[in-house]
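Peer 1: Handing you a structure now.
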Amino acid sequence: MNLAIRDVRHSLGRFLMTSVGLGLLLMIVMGMGGIYAGIVADATLLIDRLDGDLWIVQRDTRGPFAELSRVASNVEDRARTVPGVAGARRFVTHTVQREHRGRPLRMAIVGLAWPEDRGQWLPMVSGRTLAQGHYEVVADRTLGLSVGESIKLGKDMYRVVGVTRDMIASGGDGLALMTIADAQSVQFDTVGEATRLERAARRGRAETRDLGLTQPGMLELADQPASAIPALGSPMVSAVLVNLQPGVDVGAVRAAMEGWADVTVYTEQEQRELLLRGPIDRVRRQIGLFRALLVVISGIIMALILYTMTLDKLHDIALLKLMGARDRMIIGLVLQEAFLLGAIAYLVAYLLGERVFPFFPRRVIVTNDMLVWLALAVAVLCVAGSSLGIWKAMRVQPNEVLG
Amino acid sequence: MSAAPAIETAGVTKVYGSGATEVVALREASLTIQRGEVVALLGPSGSGKSTLLSAIGLINPPTRGEIKIDGKIVMRGPRALVDVRRFRREHLGFVFQKSNLIPFLTGLENVLVALDIAGTEGRPAKRRAMELLTELGIGARAKNLPSALSGGEQQRVAIARALANRPSLLLADEPTAALDSTLGRQVMELFRDVGHESGAGVLVVTHDQRALDVFDRTLVLDDGVLREDW
Ligand SMILES: Nc1ncnc2c1ncn2[C@@H]1O[C@H](COP(=O)(O)OP(=O)(O)OP(=O)(O)O)[C@@H](O)[C@H]1O
Ligand SMILES: [Mg+2]
């Protein structure tokens, strides 16, 4: 005869309520693990997706994610000349926060090396990738923009042509992808008055120099756009991504580039570690610690619940012992109820989490590994929590039911 | 019916505590109950009735003395000579004053669990349990939880459960204390019939003087000293 089932059936309401309560707690534990995994995955996601073998950044910086990096755009051309390099792309990123439809819209703008890179690799939800060199943007769905919508960035209107999923910067902001030229014009956008003042200042500076006095043509040039002045370089980019030909020794290529005094080169793996140990390090540790704490607390609560559940049955257990019941029967009763409780709680946590986590502002990634671990942890806790009660049950004397 | 007495004790003494708090609850108690014999145990409160019963029931070992059940020495002083729990499930049946039943099991299941413990399961167990419950007049209430049964009905279920494994000795500690006197007497008569029919020795602790005629014999405990009341 299965006593556990009958006991549970007898106090079904209370049992279910306890299970659901425990399930909610487990859901939080699961969610915390998911948030942790989400932060790590989001942080390195762009690096993984961009899939550059080498990252060329500003000398001695840990950019472009951990800190600001500026490299001359001609590094792209230089990189292409190194033997073993299959391709090089410029990479631009910066975060903007603008007003859109009356709400602050915060996004991480990423420039794609048009026309080679049109964002074919993006995980699209709707719409398409970039099809023209200007005024198109592919937005992550966390930005809340829809296909066909227009946003004003700088002086220009950009049309949302596609929506991606899971494209998030390490800070948690959704990505807005456009061509590098567009990304730079958003980044370096200055109002007309500032441009006018800068041009006037150029003339002013030139007039006080020998160069300006001896070569009046210079003064004419000062009024032109920056791109028309050879003395002014084209805008800097954040980094240059390099892909190698198959079978090429990374070390050799890297050594060649390290010879350039203005850049530092990282491998993809190094770039990933820079991020994990850099900007998201504290967040990661904070959440990791909190999660560990949560696991411990849940364990204690679960053990207490199982213990009191056994205490409630102490009278019945004493009676069973009086009737000569074997320990196996008593341990079975306690353990079966514990596992039933654990199983229901786990199921509640899983089903509820599946529905709730997608609504979290940041990605919550519950991996299969995590599910297995949690199931194991719950099972271990069931045994640990019950053994406390069983220890007590084994000590209860039958004469405690006498009278 | 076996020739050996259901229970035989010799010089059973029980001392609780030690030093200043020492209480001698039983002094050299010796008794014999034959199988099929139904005996009442009488005595004022604190005289050691429950102590004697729990010593015989292998629940609370005596300090000194020997206990023989069904012809077998089971306790010598505080030392058990058998697997106590196994011996309990095979040879002994218990009924207490109240809360005898497992609250989450029906009357039938309460009897079944005792059978299950002793290794009887399935259809034969169910047949035996229903048979007992019907005999005790509560066959119709077998599917009820204890909370839905009256005190008298609960005690009948408890008796059925105690009898389930055909014990050689049935021990009852004030089984009628929670019942009114008419019902109490009925339950006492039940013990008598059960003892006579099943051939188990029956020892019933009671306060109720009026039901004593039901029993074959009466033992009296007074301050730990046991004597026969003729
Ligand atoms: N666990 C114990 N520790 C110490 N003393 C005890 C213990 N149990 C019983 N006693 C003492 O032993 C004596 C006999 O107790 P017992 O319970 O056997 O009496 P009783 O005849 O059953 O009384 P009642 O009719 O009130 O149930 C009493 O003086 C009691 O105080
Ligand atoms: Mg008593």
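Peer 1: Could you tell me which residue of segment B:169-194 is farthest from B:GLU37 (Cα to Cα), considering only residues that are within 17 Å of the chain's Cα centre (by Cα) and of a type in the set (Gly, Ala, Ser)?
Peer 2: It comes out as B:ALA178.
Peer 1: Here is a further query. When you look at A:MET370, is it more than 16 Å from ligand 2 (Cβ to nearest atom), within 14 Å of chain B (Cβ to nearest Cβ) and among the aliphatic types (A, V, I, L, M), yes or no?
Peer 2: Spelling it out, it is not the case that A:MET370 is more than 16 Å from ligand 2 (Cβ to nearest atom), within 14 Å of chain B (Cβ to nearest Cβ) and among the aliphatic types (A, V, I, L, M).
Peer 1: Looking at segment A:316-344, which of its residues are β-branched (Val, Ile, Thr), within 13 Å of chain B (Cβ to nearest Cβ) and surrounded by fewer than 24 Cβ atoms within 10 Å (Cβ to Cβ)? If you could, list the steps in order and put the result at the bottom.
Peer 2: Of segment A:316-344, the ones β-branched (Val, Ile, Thr) are A:317, A:330-331, A:334, A:344.
In the following step, the residues that additionally are within 13 Å of chain B (Cβ to nearest Cβ) were identified as A:317, A:330.
If the condition is that a residue be β-branched (Val, Ile, Thr), within 13 Å of chain B (Cβ to nearest Cβ) and surrounded by fewer than 24 Cβ atoms within 10 Å (Cβ to Cβ), then A:ILE330 is the only one that fits.
Peer 1: OK, next. Name the residues in segment A:215-228 that are surrounded by 13 or more Cβ atoms within 10 Å (Cβ to Cβ) and modelled with pLDDT under 70, would you?
Peer 2: Residue satisfying the conditions is A:ALA226 alone.
Peer 1: Still on this structure: Just one of the numbered conditions (1) within 14 Å of chain A (Cβ to nearest Cβ); (2) farther than 22 Å from A:MET323 by Cα; (3) of a type outside the set (Ser, Thr, Tyr); (4) away from ligand 2 (no atom under 16 Å from the Cβ) is not true of B:ARG64; which one?
Peer 2: Of (1) within 14 Å of chain A (Cβ to nearest Cβ); (2) farther than 22 Å from A:MET323 by Cα; (3) of a type outside the set (Ser, Thr, Tyr); (4) away from ligand 2 (no atom under 16 Å from the Cβ), only one is false for B:ARG64: (1).
Peer 1: Which residue, of A:VAL110, A:VAL147, is assigned to a strand (DSSP E or B) and either under 21 Å from A:ASP51 (Cβ atoms) or modelled with pLDDT of 90 or more (or both)? Please lay out each step first, then the result.
Peer 2: Values: A:VAL147 fails: assigned to a strand (DSSP E or B).
Just one listed residue meets the conditions, A:VAL110.
Peer 1: Now for a different question. Inspect all residues belonging to segment B:71-82 and state whether any of them is assigned to a loop (DSSP other than H, G, I, E, B), away from ligand 1 (no atom under 16 Å from the Cβ) and within 13 Å of chain A (Cβ to nearest Cβ). First the steps, then the outcome.
Peer 2: Within segment B:71-82, the subset assigned to a loop (DSSP other than H, G, I, E, B) is B:71, B:77-78, B:81-82.
Retained after the next criterion (residues that are away from ligand 1 (no atom under 16 Å from the Cβ)): B:71, B:77, B:81-82.
Going one step further and asking which of them are within 13 Å of chain A (Cβ to nearest Cβ), we end up with B:82.
There is at least one residue in segment B:71-82 that is assigned to a loop (DSSP other than H, G, I, E, B), away from ligand 1 (no atom under 16 Å from the Cβ) and within 13 Å of chain A (Cβ to nearest Cβ).
Peer 1: Please find, within segment B:70-117, the residue that is farthest from B:ARG156 (Cα to Cα) out of those that are hydrophobic (A, V, I, L, M, F, W, C) and out of contact with any helix residue (DSSP H, G or I) (no Cβ under 9 Å at 6 or more places or on another chain).
Peer 2: Filtering segment B:70-117 for residues hydrophobic (A, V, I, L, M, F, W, C) gives B:73-75, B:80-82, B:84, B:87, B:92, B:94-96, B:101-102, B:104-105, B:108, B:111-115, B:117.
In the following step, the residues that additionally are out of contact with any helix residue (DSSP H, G or I) (no Cβ under 9 Å at 6 or more places or on another chain) were identified as B:73, B:81-82, B:84, B:87.
Working: B:ILE73: 31, B:LEU81: 32, B:VAL82: 30, B:VAL84: 26, B:PHE87: 23 Å.
Applying the filter and picking the extreme gives B:LEU81.
Peer 1: Here is a list: A:GLY148, A:GLY119, A:GLY127, A:GLY133. Which entry is in contact with a strand residue (DSSP E or B) (Cβ under 9 Å, 6 or more places away or on another chain) and under 24 Å from A:PHE65 (Cα atoms)? Steps first, answer last, please.
Peer 2: On the way: A:GLY148 fails: under 24 Å from A:PHE65 (Cα atoms); A:GLY127 fails: under 24 Å from A:PHE65 (Cα atoms); A:GLY133 fails: under 24 Å from A:PHE65 (Cα atoms).
Answer to the check: A:GLY119.
Peer 1: Would it be correct to say that B:LYS98 is surrounded by 15 or more Cβ atoms within 10 Å (Cβ to Cβ), within 14 Å of another protein chain (Cβ to nearest Cβ), within 16 Å of ligand 2 (Cβ to nearest atom) and assigned to a strand (DSSP E or B)?
Peer 2: Details: surrounded by 15 or more Cβ atoms within 10 Å (Cβ to Cβ): yes; within 14 Å of another protein chain (Cβ to nearest Cβ): yes; within 16 Å of ligand 2 (Cβ to nearest atom): yes; assigned to a strand (DSSP E or B): no.
Considered against the rule, which asks whether it is surrounded by 15 or more Cβ atoms within 10 Å (Cβ to Cβ), within 14 Å of another protein chain (Cβ to nearest Cβ), within 16 Å of ligand 2 (Cβ to nearest atom) and assigned to a strand (DSSP E or B), B:LYS98 comes out as no.
Peer 1: Scan segment B:103-117 for residues that are in contact with a His (Cβ under 9 Å, 6 or more places away or on another chain) and surrounded by 24 or more Cβ atoms within 10 Å (Cβ to Cβ) and report the count. Please lay out each step first, then the result.
Peer 2: Within segment B:103-117, the first condition is being in contact with a His (Cβ under 9 Å, 6 or more places away or on another chain), and the residues that meet it are B:103-105.
Narrowing the set further to residues that are surrounded by 24 or more Cβ atoms within 10 Å (Cβ to Cβ) leaves none.
So the answer is 0.
Peer 1: Can I ask one more? Could you look through segment B:178-210, keep only residues that are within 16 Å of ligand 1 (Cβ to nearest atom) and within 15 Å of B:SER150 (Cβ to Cβ), and pick out the one that is farthest from the other protein chains (Cβ to nearest Cβ)? Give the steps one after another, and end with the answer.
Peer 2: Here is the first cut: in segment B:178-210, the ones within 16 Å of ligand 1 (Cβ to nearest atom) are B:178, B:184, B:203-209.
Filter once more, so that each one left must be within 15 Å of B:SER150 (Cβ to Cβ): B:178, B:184.
Values: B:ALA178: 11, B:GLY184: 17 Å.
Once the filter is applied, the top-ranked residue is B:GLY184.
Peer 1: Of all residues being more than 16 Å from ligand 2 (Cβ to nearest atom) and of a type outside the set (A, V, I, L, M, F, W, C) in segment A:373-403, which is farthest from A:MET107 (Cα to Cα)? Just the residue, please. Before the answer, list the steps.
Peer 2: Applying the first criterion (more than 16 Å from ligand 2 (Cβ to nearest atom)) to segment A:373-403 yields A:373-396.
Then keep just the ones that are of a type outside the set (A, V, I, L, M, F, W, C); that gives A:385-387, A:389, A:392, A:395.
Numbers: A:GLY385: 47, A:SER386: 50, A:SER387: 52, A:GLY389: 54, A:LYS392: 58, A:ARG395: 63 Å.
Checking each candidate, the answer is A:ARG395.
Peer 1: Evaluate segment B:135-145: report whether one residue or more is part of a helix (DSSP H, G or I), more than 16 Å from ligand 2 (Cβ to nearest atom) and of a type in the set (A, V, I, L, M).
Peer 2: Looking for residues that are part of a helix (DSSP H, G or I), more than 16 Å from ligand 2 (Cβ to nearest atom) and of a type in the set (A, V, I, L, M), one finds at least one in segment B:135-145, hence yes.
Peer 1: Could you tell me how many of the residues in segment B:10-61 are of a type outside the set (A, V, I, L, M), more than 7 Å from ligand 1 (Cβ to nearest atom) and within 14 Å of chain A (Cβ to nearest Cβ)?
Peer 2: The qualifying residues number 5.
The values are calculated or read from the model by the stated rules, or taken from the named source; none is laboratory data. Given the structure is predicted, the values throughout are model-derived calculations rather than measurements. As a convention, Cβ positions derive from the backbone with ideal geometry for all residues, glycine included, and neighbour counts pool all protein chains shown.
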